[in-house]
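Notes to accompany the following structure.
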Amino acid sequence: MTRILVTGAFGQIGTELTQALRSRYGAENVVASGRHLPGDDTVAGPVEKVDVTDSEAIVDTIRNYDVRVIYHLAAILSARGEQDPQSTWKINMGGLKNVLEAAREVGGCRVFWPSSIAVFGPETPADQTPQDTVMRPTTIYGITKVAGELLGDYYFHRYGVDVRGVRYPGVISSGSPPGGGTTDYAVDIFYEALRHGRYTAFVREDCVLPMVYMPDCIDAAIKLMEADLSSLNHHNGFNLAAMSFSAGQLAAEIKKHLPGFVCHYEPDERQAIADSWPRSIDDSVARREWGWQPQYDLARMTADMLDTLRERQQAGR
Ligand code: AKB
């Protein structure tokens, strides 16, 4: 059985992706790694402390477990990136370069690396943003994502490393909280609506961004990694989206389930980041090349988020 390494395995996407990979391929075949390990022993399967800026640690882990597939998720997101551009470059670019170099050195490794809608900038067409278009981001996070896409293409063409990836929009999830992103309000709002019946969003009521729900986000990663290489004309940086809505539309959808819910809007510096990103994405290339087909829209995602978080609240978790 092919062994898989996940970096950033205890983050928002990593937590749920690791669980999904373990149920699909067997817990013993999926190595969860992070710079900091969780304090409890709830993780069923191999766990390794790996800092992605440490190239030797990556190579050692790949060799020790005979890893052939890597999901490289460790990264600093957009809002936190603006607070510490130096570390963002070091972790996002340095980490990716180390993983690609390790894959090249060991040989025969397939790599998944998530890019983001943050590759786009104010000069990009904001509605139905095409797959191939202007990419001049204004955040350091976006710059690392554009450079990362180019580096992935370079390793593919120059060294034959099979690098694949999608440009994730905001990811909404109930399993593990996001941290440091501009789209985090679309997750926080659910927790606050259930806990306190109110939320203050850090973006404008009419701020529209593309989003995806976690089950679709995970499905995309696994489906792309399992796709036949010969069907792919693009490799990393597939446009991907499932829904687009404003903060006000999200609040109105939550209100259908929680009629007393009140949302206020106090845009902060993250609004400027949101304003530089697309409102909606043309993901027809991903649909055509590897069968991307999201299952969740705003209504279905909202109902599922509230049900899941309520169940967890009732179980005291
Ligand atoms: C962020 O908000 O930084 C991320 C992203 C869109 O890449 N969720």
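The values are calculated or read from the model by the stated rules, or taken from the named source; none is laboratory data. These numbers were taken from a predicted model, which means no experiment stands behind them. FYI the Cβ positions are ideal-geometry reconstructions off the backbone, even for glycines, and counts take in every protein chain you see. Surface areas here come from the heavy atoms of the whole protein model, side chains and all, with no ligands, DNA or RNA. Shrake-Rupley method; radii C 1.70, N 1.55, O 1.52, S 1.80 Å.
Structure above, values below:
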| quantity | calculated |
| --- | --- |
| Extension gain (nm, one decimal) between ASP297 and GLU105, 0.36 nm per residue minus Cα-Cα | 65.0 nm |
| Cα-based shape type of region 1-110, given that a ≥ b ≥ c are square roots of the gyration tensor eigenvalues and the cut on a/c is 1.5 | oblate |
| For the chain: relative contact order, % (alpha-carbon pairs under 8 angstrom, 6 or more apart) | 18 percent |
| Normalised per residue, the volume of the convex hull around the Cα set of the chain (Å³) | 124 Å³ |
| In degrees, nearest ten, helix 140-159 long axis to first principal axis of the chain (Cα) | 30 degrees |
| C-alpha long axis of helix 95-106 to longest principal axis of the chain, angle in ° | 30 degrees |
| Protection proxy ranking of 210-218, 123-131, 143-151, 163-171 - average other beta-carbon atoms within 10 Å, highest first | 163-171, 210-218, 143-151, 123-131 |
| Region 231-311 shape via C-alpha gyration tensor axes, a/c threshold 1.5 | oblate |
| Tensor-based shape of region 120-176 (alpha-carbon gyration tensor, a/c under 1.5 rounded, otherwise prolate or oblate) | oblate |
| Using a Förster distance of 35 Å, the FRET efficiency for ALA272-ARG195 (Cβ separation, nearest 0.05) | 0.75 |
| Accessible solvent surface per residue of the chain, calculated while the other protein chains remain in place, 1.4 angstrom probe, Å² | 43 Å² |
| Highest-first arrangement of 236-242, 54-60, where packing means the average Cβ count within 10 Å | 236-242, 54-60 |
| Angle in degrees between helix 55-65 and the longest Cα principal axis of the chain, rounded to the nearest 10 | 80 degrees |
| Relative contact order (percent, whole number), region 174-317, Cα cutoff 8 Å, 6+ residue spacing | 37 percent |
| Whole-angstrom gap from region 35-109 to region 179-237, using each part's C-alpha centre | 21 Å |
| Region 221-291, relative contact order in percent, only Cα pairs under 8 angstrom and at least six apart counted | 58 percent |
| Net +/- balance of residues flanking GLY291 in space, Cβ distance below 12 Å, scoring K and R +1, D and E -1 | -2 |
| Rounded to 5, percent antiparallel among DSSP beta bridges of the chain | 10 percent |
| Lysine pair count for the chain [Cα-Cα under 23 Å; pairs on different chains or 8 or more apart] | 5 |
| Carbon/sulfur fraction of accessible area - the chain, other protein chains in place, 1.4 Å, % | 47 percent |
